[in-house]
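Okay, structure first, notes after.
Only the coordinates and a few stated rules stand behind these numbers; no lab work does. Predicted model only: the values in this text are computed from it and were never measured. Cβ placement follows ideal geometry from the backbone for every residue including glycine, while neighbour counts extend to all protein chains displayed.
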Amino acid sequence: MSQPSRALVLFSGGQDSSVCLAWALERHDHVETVGFDYGQRHAVEMAQRQVVRAGIVERFPQWAGKLGCDHVLDLTGFGAVGETAMTTQRAFEITEKGLPNTFVPGRNLVFLTYAAALADRRNAGFLVGGMCETDFSGYPDCRRDTLDALQTALNMGMAQDFVIETPLMKLTKAQTWALSKTLGGEALVELIVADSHTCYRGERGELHAWGHGCGDCPACDLRVKGWNEWVAAGRPELAL
């Protein structure tokens, strides 16, 4: 008999990682989550992580029994190194390198390295992340070739056979909304709209059709654009 598959989801509490959590719960036998406190200015996402997890347990009994422990790792020291718009109160802009100043250098590399160390202890062979090339905002550590190289390095350095899964890698934000409907129907869409958090400014005032947020930071721009495209297309599901 094959061994039960165990996955660790990099779970920020945002739209993408919430869809990835549902995706992992649909495919794996046991799923745990890990979040990273790196001093992000939108620290409200850390609180919303628990709201989303509780909502999944309440609304999706087919997944509730698969959802295991949550872990939070303190990476505030790392976050302070980059001095980006993600960790300091500064305007969002493009840097001299042509990258948005929301890019935290090496963030996904560090996150996945810490996640792999945790996965080794938790006996999880799959690391699931919401990295995406299609709507990646210019972040070079969201590219699949970067993650393939890291996967090789982690497995060589830890004598493991980790698989880094990136279910959103080739999807637009509109397709990510469609995938959420495929996985959990309107109930999952509603949960992501109301309870996930993506806005870089940490705004959780008015609930818009697409969710909470300021509406004009880089994260909100992508989320709103994807929502509008998905709605204009008739709110379809995504064929798997």
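Separation of the range 193-214 and the range 7-45, taken as the distance between their Cα centroids, equals 17 angstrom.
By the count of other C-beta atoms within 10 Å, a proxy for reagent exposure, Y38, Y200 are ordered fewest to most as Y200, Y38.
Counting other Cβ atoms within 10 Å, which GluC sites (Glu not before Pro) in the range 126-212 have at most 14 and lie in a DSSP loop? It would help to have the intermediate numbers written out before the result.
Numbers: sites: E133, E165, E186, E190, E203, E206; in loops: E133, E203, E206.
Sites meeting the loop and neighbour criteria: E206.
Here the range 106-130 and the range 132-188 have alpha carbon centers that stand 13 Å from each other.
Exposure proxy for R122, R223: other Cβ atoms within 10 Å of each Cβ, ordered fewest to most, give R122, R223.
Once the chain from L240 to D29 is taken as fully extended at 0.36 nm per residue, the excess over their C-alpha distance is 74.0 nm.
Within the shell defined by Cβ-Cβ distances under 14 Å, the residues around A7 carry a net charge of -3, with Lys and Arg each +1 and Asp and Glu each -1. Annotation: extensible slack from A194 through Q160 equals 8.4 nm (criterion: 0.36 nm per residue apart, minus Cα-Cα distance).
Our summary gives the range 153-240 a relative contact order of 31 percent, counting only alpha carbon pairs under 8 angstrom and 6 or more residues apart.
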